[in-house]
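The values are calculated or read from the model by the stated rules, or taken from the named source; none is laboratory data. Note that the structure is a prediction, hence the values are computed from the model and not measured. FYI the Cβ positions are ideal-geometry reconstructions off the backbone, even for glycines, and counts take in every protein chain you see. Heavy atoms of the whole protein, side chains included, go into the accessibility calculation; ligands, DNA and RNA do not. Shrake-Rupley method; radii C 1.70, N 1.55, O 1.52, S 1.80 Å.
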Amino acid sequence: MNSARLEFPSNFSIEQNWRDYSADEHAIWRLLFERQQHLLVGRACDEFLDGLGALGVAADGIPNFRRLSDVLDAATGWRIVAVPGLVPDDVFFAYLARRRFPSTCFIRRRDQLDYLKEPDIFHDICGHVPLLMNPVFADYMQAYGEGGLKASGLGHLQHLARLYWYTVEFGLITTQEGLRIYGSGILSSAGESVYCLDDPRPNRIGFDLRRVMRTRYRIDDFQQTYFVIDDFQQLFDATRPDFAPIYREIAALPDIEPDALIGSDRRFDQGPFSGQPNPGKKMGRRLIAAQV
Ligand SMILES: [Fe+2]
């Protein structure tokens with residue numbers, strides 16, 4: 001992706017006001033975290049679990065962005081910026097291009113534990129931020145922001161949005177222990193954390209940039225197709241070329257339905273893929289206490 005520049009969108013940032021969270025809001029965080037803690041060991045990739053532990057994100061309550069940003073900044077130069085909700089695409093891309101991750105501050109209600117249309121702080125912080133501790137993924141996210149600024153100008157946001165959806169939000173990665181989750185939309189969802197690996201219905205296909213960009217997706221249900229990367233370097237390398245010729249190439253081809261398979265797909269065998277945790281892997285701050 002070639003880079004483009006936009007003024008830093010400081011007018012969208014707000015204060016987290018961490019001291020204003022109620023005891024019940026911290027309790028909801030605890031509930032969500034503990035539920036995922038049980039599900040994600042043996043399902044989430046090591047890079048996510050390591051990042052979570054090093055950040056000190058745990059069950060004891062909603063994290064303070066300032067403290068998290070200091071740990072994150074020291075590791076990969078990223079910081080968290082509090083925003084009131086979804087921000088315009090160009091603002092979102094500009095934040096990423098500057099290694100700033102825009103995070104919501106509010107937490108879902110108790111009647112929304114299993115499904116929430118908009119991202120909340122649990123999705124943004126527990127789902128997205130741990131992987132920003134990984135240097136290669138951190139660079140991928142910045143490159144994505146730079147590519148987004150360019151795609152806006154070329155009229156290909158839809159194609160680039162699919163790349164984000166099928167990687168950052170709903171990506172799987174292959175490991176020696178089997179498939180693992182790195183997509184934050186899955187990691188922050190109890191139901192999809194199990195479904196994506198254990199259910200025989202969805203397609204699990206080897207990552208292919210053009211195939212991903214052509215594939216439509218559903219926002220109102222579990223995914224019908226997951227794309228599997230070999231490692232984060234593959235993802236970063238895929239974003240290096242200038243996307244302009246790729247956009248032109250795929251613009252001439254039809255979209256692919258969310259549940260469709262095509263002849264060139266590299267399919268992974270059907271689930272269940274969830275397995276035993278790697279030795280020493282736990283979800284939470286106790287793993288790397290010295291860095292907290
Ligand atoms: Fe997200």
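Decide, for the stretch 56-124, between rounded, prolate and oblate: order the square roots of the alpha carbon gyration tensor eigenvalues as a ≥ b ≥ c, take rounded if a/c falls under 1.5, and otherwise choose prolate if a/b is larger than b/c, else oblate.
On the way: a/c = 2.80, a/b = 1.21, b/c = 2.30.
It is oblate, given that a/c is not under 1.5 and a/b is not larger than b/c.
With every atom except the alpha carbons ignored, what do you get for Rg and Dmax of the stretch 70-201, in angstroms?
15.1, 42
Given H placed 1.01 Å from N in the peptide plane, which residues other than close sequence neighbours of residue 175 have an amide H under 5 Å from its amide H?
Amide H neighbours of residue 175, under 5 Å, 5+ apart: 180.
Grab the other residues whose beta carbon is less than 11 angstrom from that of residue 209, score K and R as +1, D and E as -1, and report the net. List each step's numbers first, then the result.
Details: positive: 162, 210, 211, 214, 240; negative: 208, 237, 249.
For residues surrounding residue 209, the net value is +2.
State, as an integer percentage, the relative contact order of the chain based on alpha-carbon contacts under 8 Å between residues 6 or more apart.
So the answer I get is 26 percent.
Ordering 146, 118, 192, 25 from largest to smallest accessible area (1.4 angstrom probe), what's the sequence?
118, 25, 146, 192
Calculate one ³J(HN,Hα) per residue across the stretch 131-143 by plugging θ = phi - 60° into the Karplus curve 6.51 cos²θ - 1.76 cosθ + 1.60, and present them in order as whole Hz with x for glycine and proline.
6, 5, 6, 8, x, 6, 5, 4, 5, 4, 5, 5, 4
At a 1.4 Å probe, what is the % contribution of carbon and sulfur to the accessible area of the chain? Spell out each step's value before the answer.
Values: 6280 of 12780 Å².
Answer for the chain is 49 percent, counting heavy atoms of protein chains only.
Comparing 22, 188, 152, which has the greatest mean-square fluctuation in the GNM of the chain with Cα pairs linked when under 10 Å apart?
Greatest mean-square fluctuation among the candidates belongs to 22.
Along the charge dipole of the chain, Cβ charges K/R +1 and D/E -1, which of 13, 171, 40 sits furthest on the positive end?
13
Put +1 on the Cβ of each Lys and Arg and -1 on the Cβ of each Asp and Glu in the chain; which of 268, 53, 121 then has its Cα farthest toward the positive end of the dipole?
Final value for the positive-end residue is 53.
Using the Cα centre as the reference, give the magnitude of the dipole from point charges on the C-beta atoms of the stretch 163-225 (Lys, Arg: +1; Asp, Glu: -1; all else neutral), rounded to the nearest 20 debye. Kindly include the intermediate steps, with their values, before the conclusion.
Numbers: 8 positive and 8 negative charges, 74 e Å.
The dipole of the stretch 163-225 has a size of about 360 debye.
Could you give the accessible area per residue of the chain, probe 1.4 Å, as a whole number in Å²?
Working: 12780 Å² over 292 residues.
Ligands and nucleic acids excluded, the figure is 44 Å² per residue.
Could I get the Rg over Rh figure for the chain? Both from C-alpha atoms, Rh via Kirkwood, rounded to two places.
Values: Rg = 18.2 Å, Rh = 19.3 Å.
That ratio is 0.94, to two decimals.
Kindly write out, for the stretch 26-39 in residue order, the coupling ³J(HN,Hα) from the Karplus curve 6.51 cos²θ - 1.76 cosθ + 1.60 (θ = phi - 60°), rounded to whole Hz, with x marking Gly and Pro.
Listing the rounded values in order: 5, 5, 5, 4, 4, 4, 5, 5, 5, 5, 5, 4, 6, 7 Hz.
What length, rounded to one decimal in nm, is gained on full extension from residue 201 through to residue 89, with 0.36 nm per residue of separation minus their alpha-carbon distance? Kindly include the intermediate steps, with their values, before the conclusion.
Values: separation 112, 0.36 × 112 = 40.32 nm, distance 3.23 nm.
Gain in length upon complete extension: 37.1 nm.
Taking only Cα atoms and a 10 Å spring cutoff, compute GNM fluctuations for the chain and point out the largest among 224, 16, 112.
Highest fluctuation among the options: 112.
For residue 44, enumerate residues with amide H under 5 Å from its amide H, sequence gap 5+ or separate chain, H modeled in the peptide plane.
Residues meeting the amide H criterion: 181.
Which of 252, 75, 27 ends up with the largest GNM mean-square fluctuation for the chain, with Cα atoms connected below 10 Å?
Per the Cα network of the chain with a 10 Å cutoff, 252 tops the list.
Residue 204's amide H: which non-local residues (gap 5+, or another chain) put their own amide H closer than 5 Å, with H modeled 1.01 Å from N in plane and none for Pro or chain starts?
226, 268
With only alpha-carbon pairs counted, each pair once and no self-pairs, how large is the Kirkwood hydrodynamic radius of the stretch 194-265 in angstroms? Please list the in-between numbers first.
Working: mean 1/r = 0.0741 Å⁻¹.
In the stretch 194-265 this quantity evaluates to 13.5 Å.
Take every Cα pair under 8 Å in the stretch 114-246 that's 6+ residues apart, average their separations, divide by the length, and report that relative contact order as a whole percent.
RCO, the stretch 114-246: 30 percent.
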